[in-house]
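Inspection log for the structure reproduced underneath, given as structure tokens.
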Amino acid sequence: MAAIDCGTNSIRLLVADLPDPGAGPEVPLTDVSRRMEIVRLGQGVDRTGRLAPEAIERTRVALAGYAADIEKLGAERVRMCATSATRDASNAGDFRAMVEQTLGVAPEVVTGDEEARLSFTGAVRGLPADAKQPFLVVDIGGGSTEFVVGTRDAGVRAAVSMDIGCVRMTERHLHGDPPGLDEIAAAQADIAVAVDRALSVVPGREAATLIGLAGSVTTVVAIAQGLQAYDPERIHHARASYEQVAEVTADLLGKTREQRLAIPVMHPGRADVIGAGALVLRVIMERAGMPSVVASEHDILDGIAWSLR
């Protein structure tokens, strides 16, 4: 199966073999290939309401490479989901036409609710059997953050998507290099309002385990772990305390972009938005009363693959 997740900041491909239908929920899928490119599809969407032509072209180039991989690896089914940026754009038709021409299948512009449910499925499948439930899964993307509460057996109890992604918050508030204290305070206030609204819809404060998804979370946890290179196997299911997250967030927001680029685990395409992503994570932990977060390398991309079962 081939799954493509096209978000506000990145586009990712997973080609995977799924286990037999009778396998238990702790049995993961088997990766054949995972790829990620930072294309910043959502560049300026919060301000203009449109996808920039150069952003669509960057996405086309990455997608053409993915299409070649999918054909080479012989995937039997393909599903591409597009998320926050294409929900917001008035010229989403241009994006859709490009995808159909390049990939041969139409992109599904999923709702925030469906995005949240796919993220939950991807995060929860493969968790250790003794992981404490219920789970609060947060997927911090470029344009939005999804909040989902549920259990392994009963599935999703409640889900909501809020427009507080790392790209959107950076473009809206964090303009300095490094951002000023007033900019950080404005971003924090904006995020806190959205998080409190989300937690009024989903019972996140009742959850036993916080699971964080996407590059902002995995990068923060990698820094907290002191890794000298980005290692998905060491990051997957690693835990960071609130104190560690708060320390990393303050450090990232106090650095220039050049200094953030020098961090060993930093992807170059994430350096200018990681401060906002870390701040979203920190505020979620504060408002939900979570003492720690478990990072997951498995997220909506894996959920898309599972949906092809």
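An oblate overall shape is assigned to segment 265-309, the ratio a/c of its alpha-carbon gyration tensor axes (a ≥ b ≥ c) being 1.5 or greater and a/b not exceeding b/c. For the chain, the fraction of C-alpha pairs more than 34 angstrom apart is 15%.
Largest first, the residues L103, L181 sort by 1.4 Å accessible area into L181, L103. Note on D177: accessible area approximately 90 square angstrom, rounded to 10, probe 1.4 Å, nucleic acids and ligands left out.
Rounded if a/c is under 1.5, else prolate if a/b beats b/c, else oblate: with a ≥ b ≥ c from the C-alpha gyration tensor eigenvalues square-rooted, which is segment 1-112?
prolate
Considering only L261, G275, V293, and ranking their Cα positions along the charge dipole of segment 208-309 that arises from unit charges at the beta-carbon of Lys, Arg, Asp and Glu, the one farthest toward the positive end is G275. Screening the chain for whole DSSP H helices with an alpha carbon extent of at least 24 angstrom along the helix axis and a mean Kyte-Doolittle hydropathy of at least 0.5 yields 181-201.
Figure note: Y66, Y230 ranked by solvent-accessible area, largest first, 1.4 Å probe, ligands and nucleic acids not counted: Y230, Y66. Only alpha carbons enter this Debye calculation for segment 197-309, each as an equal point scatterer, and the log10 of I(q)/I(0) it gives at q = 0.15, 0.17, 0.21 Å⁻¹ is -0.65, -0.82, -1.16.
When peptides 207-217, 267-277 are ranked by their average number of other Cβ atoms within 10 Å per residue, the highest-first order is 207-217, 267-277. Of all DSSP beta bridges in the chain, what percent run antiparallel (nearest 5)? Bridges in the chain are about 65 percent antiparallel. A simple packing score, the average count of other Cβ atoms within 10 Å per residue, orders the peptides 52-58, 128-134 as 52-58, 128-134, with the highest score first. Radius of gyration over Kirkwood radius for segment 190-249, both on Cα atoms: the Rg/Rh ratio is 1.02. Potential lengthening of the chain between D69 and D20 amounts to 15.2 nm, from the contour at 0.36 nm per residue minus the alpha-carbon distance.
Taking R0 as 30 Å, what FRET efficiency do you get between E54 and A186 from their Cβ-Cβ distance, rounded to the nearest 0.05? Given R0 = 30 Å and the Cβ-Cβ separation, E is 0.60.
Quick one: net charge around M162, please, counting Lys, Arg +1 and Asp, Glu -1 for every other residue with C-beta under 9 Å from its C-beta. Its environment carries a net charge of -1.
Full extension of the chain between S241 and R157 yields a length gain of 27.7 nm, computed as 0.36 nm times the residue separation minus the alpha carbon distance. Please say if segment 67-192 is rounded, prolate or oblate, where rounded means a/c under 1.5 for a ≥ b ≥ c the square roots of the C-alpha gyration tensor eigenvalues, and otherwise the choice is prolate for a/b larger than b/c and oblate otherwise? Oblate is the answer for segment 67-192, as a/c is 1.5 or above yet b/c matches or exceeds a/b. Here H175 and E258 are evaluated by their C-beta separation; at R0 = 22 Å the FRET efficiency comes out at 0.85.
The values are calculated or read from the model by the stated rules, or taken from the named source; none is laboratory data. What you see is a predicted model; the values in this text were computed from it and never measured. Neighbour counts run over all protein chains shown; Cβ positions are idealised from the backbone, glycine included. Only protein heavy atoms, including side chains, enter the accessible area calculation; ligands, DNA and RNA are left aside. Shrake-Rupley method; radii C 1.70, N 1.55, O 1.52, S 1.80 Å.
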